[in-house]
Amino acid sequence: MNNRLWRLQFKLDRELTGKRLSNDIDDVSQQNITNLIEAVDVYIQQPKIQVILPEFLRISQ
């Protein structure tokens, strides 16, 4: 089977967006999900992440 699942864990905090991010794994409120998605977008756009992400994705193929 060629299906793969990667679980990446990295620090997301309110410093990225200034918005509340719940540490509660069970917080699936629309507001928390929206804030998490926004934080991930900001995180991925950081220059240091833009440098290492393509290499990580290439290696993981």
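Filtering segment 6-44 down to residues that are among the aliphatic types (A, V, I, L, M) and part of a loop (DSSP other than H, G, I, E, B), which residue is modelled with the lowest pLDDT?
LEU8
Select from segment 36-47 the residues that are farther than 12 Å from PHE10 by Cβ and of a type outside the set (A, V, I, L, M, F, W, C) and write down the one among them that is surrounded by the fewest Cβ atoms within 10 Å (Cβ to Cβ).
Out of the qualifying residues, it is PRO47.
Determine which single condition ILE33 fails, assuming it passes every other condition in (1) surrounded by 10 or more Cβ atoms within 10 Å (Cβ to Cβ); (2) touching a residue at least 40 places away in the same chain (Cβ under 8 Å).
(2)
Could you look through segment 1-20, keep only residues that are surrounded by 14 or more Cβ atoms within 10 Å (Cβ to Cβ) and within 12 Å of the chain's Cα centre (by Cα), and pick out the one that is nearest to ILE59 (Cα to Cα)?
Of everything passing the filter in segment 1-20, LEU12 is nearest to ILE59 (Cα to Cα).
Just to be sure I understand the filter: pairs with C-beta atoms under 8 Å, separated by 6 or more residues or on different chains, first member in segment 47-61 and over 14 Å from TRP6 (Cα atoms) and at pLDDT 80 or above, second member in a helix (DSSP H, G or I) and of a type outside the set (Lys, Arg). Which pairs pass?
Cβ pairs passing all conditions: ILE49/TYR43; GLN50/ILE44.
The values are calculated or read from the model by the stated rules, or taken from the named source; none is laboratory data. A quick note: this is a predicted structure, and the numbers were derived from the prediction, not measured. FYI the Cβ positions are ideal-geometry reconstructions off the backbone, even for glycines, and counts take in every protein chain you see.
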